[in-house]
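Since the structure comes first, as structure tokens, the remarks are kept for the end.
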Amino acid sequence: VKKYEIVRTILGERWNTAPHYTIKSAFAPTNIALCKYWGKRDEELNLPLTSSLSISLGSKGTTTELKISGKSDDEIYLNGGLMQNDSPFCQNLLEFLNLFRYEQTPRFIIHTNSNVPIAAGLASSASGFASIVLALDGLYDWQLSQDELSILARLGSGSACRSMWQGFVHWHAGIRSDGMDSHGESLRARWPEFCIGLLIFSESEKAIPSRVAMQRTITTSALYQAWPSKVSRDLAAIKQAIGNKDFQLLGKAAESNATTMHATMLSAWPPIIYSVPETLVAMQRIWELRNEGLQIYFTQDAGPNLKLLFLQRDIDNVLANFPSIEIIQPFAID
Ligand code: 2P0
């Protein structure tokens, strides 16, 4: 109900108008947090307890096409395959789309295509919701601002609000209870040498959804009280590092932010561990390589896989140690 009110507030007079086009498609990149979002102050509106900072993955993301259909029901295709409307994927998507619907709204044929390595456990929901919002904005010709689009994407999934921009994005937690000040902001900095390596150990689904894990951490971990101040420090360090192109400072703050987030989960009850044994072996190897002088760091989200952070000059060295990684250069033009 609260979500619906936000949609109506943002759309204003545009609410309840007919689509301007019959078909529209839009792309949004997925993003990886260098300073994590972990904990909500509002469960329904996906309002975070702290700010966070991410990097978008360039051409890796989701394209969603919305086409007006004459049929009585929506049809959803994921990477070309027709999905059952009662599947969790469709339920999630339709619940979100229904926030924007009223009586006269037509049904849609929805094609959502993701080039994100699904095995990497990369949050395809972030790029998914961001691309739906962009496609709706195009279809109805709403011409909403990027901040408004970011807020709407956040209603689908918190981290989706950061997928409205490329490059580094700062998601401001905001203080308002309606969340109108909780959206992304592009840092507009470029760092062409910046590389991310996806190190994949497991393709299986998350054991515990991050929504559940966040909630359990807040309510049961004695360490969670240290998290907000840790985020403030890491966020400041990462912004400074981006401004000065200080890769060591960025890597240290990002890695330490991730390990601290996972420490709060380990201390929750029942404990939450997303790592598998291979995750720990890789961490040890990364620390060893760092001791040998290689500037390589990692970050880890709500899954066992690691995202390696390094600079272009070290690609060969990193590949020699982690031959299986997929390398993404977020600022490369392709
Ligand atoms: C992040 N994660 O900052 C953190 C780090 C996972 C670990 O945002 O409940 O899918 O939809 O707001 O955005 C994943 O959580 O959660 C996430 P909801 P979301 O990237």
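FYI, it's all coordinate maths here, none of it is from the lab. Source: prediction; values computed, not measured. Note that each Cβ is placed from the backbone with ideal geometry, even for glycine, and that neighbours are counted across all protein chains shown.
Structure summary
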quantity	calculated
Amide H contacts of Gly58 (H built 1.01 Å from N, under 5 Å, at least 5 apart or other chain)	Gly167
Relative packing of peptides 131-142, 320-331 - highest average C-beta neighbours within 10 Å first	131-142, 320-331
Directionally averaged shadow of region 1-132, computed from the convex hull of its alpha-carbon atoms, nm²	9.2
Dipole in debye (nearest 20) - region 37-133, about Cα centre, beta carbon charges: Lys, Arg +1; Asp, Glu -1	300
Spin-label pair Asp141/Asn98, simplified geometry with 7 Å Cα→Cβ offset, distance in nm	3.0
Net dipole in debye of region 173-240 [+1 Lys, Arg Cβ; -1 Asp, Glu Cβ; about Cα centre; nearest 20]	180
Two-decimal Rg to Rh for region 90-172 - Kirkwood Rh, Cα set	0.96
Mean Kyte hydropathy of -0.5 or more with a Cα span along the axis of at least 18 Å, helices from DSSP in the chain	124-140, 227-244, 247-266, 277-291
Under 23 Å from the Cα of Lys239 - lysines, other chains or at least 8 residues apart	Lys36, Lys40, Lys230, Lys252, Lys307
Cα-centred dipole magnitude for the chain, charges only on beta-carbon of K, R (+1) and D, E (-1), debye, nearest 20	580
Lys/Arg +1, Asp/Glu -1 at C-beta; region 147-189 dipole; positive extreme among Met180, Ala153, Gln166	Gln166
Theoretical ellipticity at 222 nm over the chain - DSSP helices of four or more residues, -39500 (n - 2.57) apiece, nearest 500	-11500 deg cm²/dmol
Cα gyration tensor shape of region 33-80, rounded if a/c is under 1.5, else prolate or oblate by comparing a/b with b/c	oblate
Inter-probe distance in nm under a simple model that places probes 7 Å from Cα toward Cβ, at Val281 and Ala18	6.2
Per-residue Cβ neighbour rank within 10 angstrom, fewest leading, Ile238, Ile218	Ile218, Ile238
Nearby aspartates and glutamates by direct alpha-carbon distance to Lys60 (threshold 19 angstrom, same-chain neighbours under 8 apart not counted)	Glu193, Glu203, Asp301, Glu326, Asp334
For peptides 228-234, 179-185, sequence by mean Cβ density within 10 Å, most packed first	179-185, 228-234
D_trans [Stokes-Einstein, Kirkwood Rh over alpha-carbon pairs] for region 236-329, 25 °C, 0.890 mPa s, µm² s⁻¹	173
Among Pro228, Gln215, Gly138 the positive-end extreme of the charge dipole of the chain (Cβ point charges)	Pro228
The chain: equivalent-ellipsoid semi-axes (sqrt of 5 x gyration tensor eigenvalues, Cα, Å)	34, 21, 19
Ranked by how many other beta carbons lie within 10 Å on average, peptides 41-53, 23-35 from highest	23-35, 41-53
